Every structure is written in structure tokens, then in C-alpha cells.
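Below is one structure, written out as C-alpha cells, with a few remarks after it.
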Amino acid sequence: RKAFIPRDNDHVLLSADYSQIELRIVAAISGDPAMCEAFRQQRDIHSATAAKVYGIEESEVTKEMRYKAKSVNFGIIYGQGAFGLADNLGITRTEAKEIIDNYKKQFSGIQKYMDASVNYARKHGYVKTLMGRKRWLKDINSNNFTVRGYAERNAINSPIQGTAADMIKMAMIKIHHEFKARKFRSKMVLQVHDELVFDATADEAEMIKQVILDCMRTALPLPNGVPVEAEIGGGLNWLEAH
């Protein structure tokens, strides 16, 4: 990142990225009450998850518990099972299974979403993002267990990642129109996953920060009142800005 610099001394780089966007989308699409509530209350989602999984107060959550909960939060949407989690965290398969079982019990809405998504794909041959963009899954009813398993994981994950991709594209369009309308000289130069990079004139940098954040937060409102958050930083190279 350090290799990416502004065009000259009169410019700075700005980097804006979505905060935990895939997890927010999981919460919103699944409508899971516990996860939606944690995001609405702006709590640390991994600590909130750990508290639920371990049956303790959030104030009692240790660093290690939070780390394990974070792995489950991200792993579960990629179809990770007890074997994968155990390998990832260096814990026994028994402990990993217990964590996943507790997670599914506490966040039952997410399990329902996963099952419903796979069943929808089996019936229709595709899944959809919130915007209705389709991902076709020709192997969803395959007799080959491995091939079918891969399609099932995609059935769960594609609506989430696809919605995140739709959201940032819509944000880019919105930002482009705002920059044009306000006659900003700063330029949007790069999109990487859930992050946007700008080559900003030094005198516009502070002004455009709020415009960028507003466009990103409102590009695609999520259902069930789950808020969309974005953060922005600046610097003399991409590493500093990130």
C-alpha cells in the first residue's frame, strides 16, 4: 500500500471502507433478532457474539473468547464446520463443535437463512442478492457430495458477498454524481473489495470526506433496521490513509 501515492504535493490519498459489511448483511438478510439488535445498538459484534455463545455478560468476554467468536462469525457464512474451525483456531474438534452448536442455538435466524438459501437454490437453480442479481448454481443438485457441497456454500455466501458488491457499486455511482454536481476536482481512483480510494486535492479533502461517507452509508439501506457504517482516513500514501 505504501507504493500508492497521490499525483503531486497538492493532493492526498483518502481511503474509505465499509465496517463489517458482510456481517451486517448476514444480520439484515437473515433477520436474526440477536444479531440485528447488536448492530442497532452499535455494540462490538464479536464481543456480543462471544457473550451469547459462552452464556456470559459482555463485560466478562476475554480477548480469546472474542477471537473465537470472530472466527465463527466469518467462518459460518463460508460454510465452515467444526473441522475447519478447529483447524483455524488450533482447538479440539469437540470444542469447535460445541462453539458452533451454541452459535446456531443463540443465532437461530442465521441457521434458518442458511437452510432457506440452500433450499431456494435447489428449487430454482440460483440465489439472489438483495438487488435481485442472480448467481446460477448448476451443481446444487449434483449427486457428487463434494461438488454439491461447494454449490451449497455458494448458495449461502453469494447473496451476502453479492449484496456487498452491489452496495459498493451503487455507492460509487452516487459519489460520482455528487462529485460532478459539486464540481469537485478530487477523483475516485480505486475500488478494492469494500474499500474506495480517492486522489483528493488538499483543499477539498475535509469537505469530500463527509460526502463520501454519506453516499456509502445510504447507497443501499439494509432491511430490519441494520445500520450501514463506513470509515475514512487520509494520508500521503495508501498505507497511511488505510
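List of remarks:
- Cβ-Cβ distances below 9 Å connect the following pairs, each with a first residue in the range 192-220 that is open to solvent by less than 70 Å² (accessible area, probe 1.4 Å), a second residue that is assigned to a loop (DSSP other than H, G, I, E, B) and of a type in the set (F, W, Y), and a separation of six or more residues or different chains: V197/F4; A200/F184; T201/F184; E204/F184; I208/F184; V211/F184.
- In the range 48-62, the residues that are surrounded by fewer than 20 Cβ atoms within 10 Å (Cβ to Cβ) and either in a loop (DSSP other than H, G, I, E, B) or touching a residue at least 60 places away in the same chain (Cβ under 8 Å) (or both): G55, I56, E57, T62
- Any chance K97 is closer than 29 Å to M172 by Cα and open to solvent by 80 Å² or more (accessible area, probe 1.4 Å): no
- Matching residues, the range 24-47, being aliphatic (A, V, I, L, M) and surrounded by fewer than 22 Cβ atoms within 10 Å (Cβ to Cβ): A34, I45
- Unique match (being touching a helix residue (DSSP H, G or I) at 6+ places or on another chain (Cβ under 7 Å), assigned to a helix (DSSP H, G or I), of a type outside the set (D, E, K, R) and closer than 23 Å to M216 by Cα) among M35, M65: M35
- G84 being in contact with a Gly (Cβ under 9 Å, 6 or more places away or on another chain) and part of a helix (DSSP H, G or I): yes
This table checks each residue for (1) open to solvent by 30 Å² or more (accessible area, probe 1.4 Å); (2) of a type in the set (F, W, Y).
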{"residue": "F4", "(1), (2)": "yes, yes"}
{"residue": "D8", "(1), (2)": "yes, no"}
{"residue": "R66", "(1), (2)": "yes, no"}
{"residue": "A86", "(1), (2)": "no, no"}
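- Selection within the range 102-152 - of a type in the set (S, T, Y), crowded, with 17+ Cβ neighbours inside 10 Å and outside any helix (DSSP H, G or I): T129
- Qualifying residue in the range 123-134 (condition: over 25 Å from V226 (Cα atoms) and either among the hydroxyl-bearing types (S, T, Y) or touching a residue at least 60 places away in the same chain (Cβ under 8 Å) (or both)): yes
- Residue within the range 221-242 that is in contact with a Gly (Cβ under 9 Å, 6 or more places away or on another chain), assigned to a helix (DSSP H, G or I) and among the polar types (S, T, N, Q) present: yes
The values are calculated or read from the model by the stated rules, or taken from the named source; none is laboratory data. Given the structure is predicted, the values throughout are model-derived calculations rather than measurements. Because the Cβ atoms are built from the backbone with ideal geometry, glycine has one as well, and the counts that use them run over all protein chains shown. Ligands, DNA and RNA are excluded from the accessible area calculation, which covers all protein heavy atoms including side chains. Shrake-Rupley method; radii C 1.70, N 1.55, O 1.52, S 1.80 Å.
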